[in-house]
1. Quick one: net charge around residue 104, please, counting Lys, Arg +1 and Asp, Glu -1 for every other residue with C-beta under 14 Å from its C-beta.
2. Lys/Arg Cβ at +1, Asp/Glu Cβ at -1, dipole of the chain taken about the Cα centre: which of 105, 213, 159 is farthest positive-ward?
3. Under a Cβ-only charge scheme (Lys and Arg +1, Asp and Glu -1), can you give me the dipole magnitude of the chain about the Cα centre, in debye to the nearest 20?
4. Using a Förster distance of 30 angstrom, determine the FRET efficiency expected from the C-beta separation of residue 200 and residue 125, and round it to 0.05.
5. Any idea how far apart residue 62 and residue 79 come out in nm if each label point goes 7 Å out from Cα toward Cβ?
6. Once the Cβ-Cβ distance between residue 97 and residue 209 is put in as r, and R0 is 22 Å, what FRET efficiency do you end up with, to the nearest 0.05?
7. For the range 162-191 and the range 1-80, write down the distance between their C-alpha centroids in whole Å.
8. Tell me which chymotrypsin sites (Phe, Trp or Tyr not before Pro) from the range 1-80 have a DSSP coil assignment and no more than 10 other beta carbons within 10 Å of their own.
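Please treat every number below as a calculation from the coordinates, not as lab data. All values derive from a computational prediction rather than experimental measurement. Cβ: placed from backbone, ideal geometry, glycine included. Neighbour counts: every protein chain shown.
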Amino acid sequence: MKLIMLGAPGAGKGTQAKYIAATYKIPHISTGDIFRANIKNDTELGKKAKEFMDLGLLVPDNLVVDLVADRLQQEDCKDGFVLDGFPRTIPQAESLDSALLDMGTKMDYAIEIAVPDSDIVSRMSGRRACVGCGATYHIVNVPSKVENQCDTCNSGLILRDDDKKETVLKRLEIYHEQTRPLIEYYNNQGILISVDGTLTVKDITDEIIKVLGV
Ligand code: AP5
Ligand code: MG
């Protein structure tokens, strides 16, 4: 199963991708997580990406397209993958289509998690991310078992640098300008699934799995 998660910042792409990846036993590939790991390790890519991420802007296409194309060539992607946060622009989607065509395959579904802008800011201010493995929680909606400690790796939880209110508003603006056109792109390809992202985490997962089939 080859899947793309679409939706505004904070719509729940990462939250759902984790469950989908576990259900279908496919890797969860998040470009945001890849950039954050590079920032943490102070790599050249991380330094470049941070300049854009801290402002709520997209990292330039040329820094992300080859990175994902290489990742999809790896052995663990042979039975599928769930992409989270990529593609984010029409040129990225076109490069993905052509990379997959070269590999003799194509995407199965793009899943839109639809959440109104008005819900996004409050969600983001309550989000906490694990400094160790990147797992995501919410202080009210999706709490960790022990306060400020990751359930999976026991590392500490932090508010992401780009989850400040002004940066979230900028990310939303950029989403509408540059990423939202992908909804129509995948609808035109006949592979778009749209789910109501205001439901509970479990109800959304169930809805997605019902549509995809087990
Ligand atoms: P990225 O990390 O992808 O951020 P994003 O798209 O802004 O999305 P988020 O991770 O913020 O939200 P999410 O949809 O995953 O929501 P989550 O599940 O955490 O990218 C960060 C930056 O990297 C970008 O701004 C850009 O600069 C750069 N970048 C990355 N990819 C790029 C690319 N391809 N091209 C260019 N630049 C790129 O959920 C949010 C919160 O809500 C959590 O607290 C969660 O617990 C809670 N929650 C989830 N579901 C529910 C629910 N159903 N009900 C209530 N609460 C919920
Ligand atoms: Mg995410």
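1. Result for the local shell: +1.
2. Value computed over the given set: 159.
3. So the dipole magnitude of the chain works out to roughly 520 debye.
4. With R0 = 30 Å, the Cβ-Cβ based efficiency is 0.95.
5. 3.9 nm
6. The formula returns an efficiency of 0.30 here.
7. 15 Å
8. Those that pass, being in a loop and sparsely packed, number zero.
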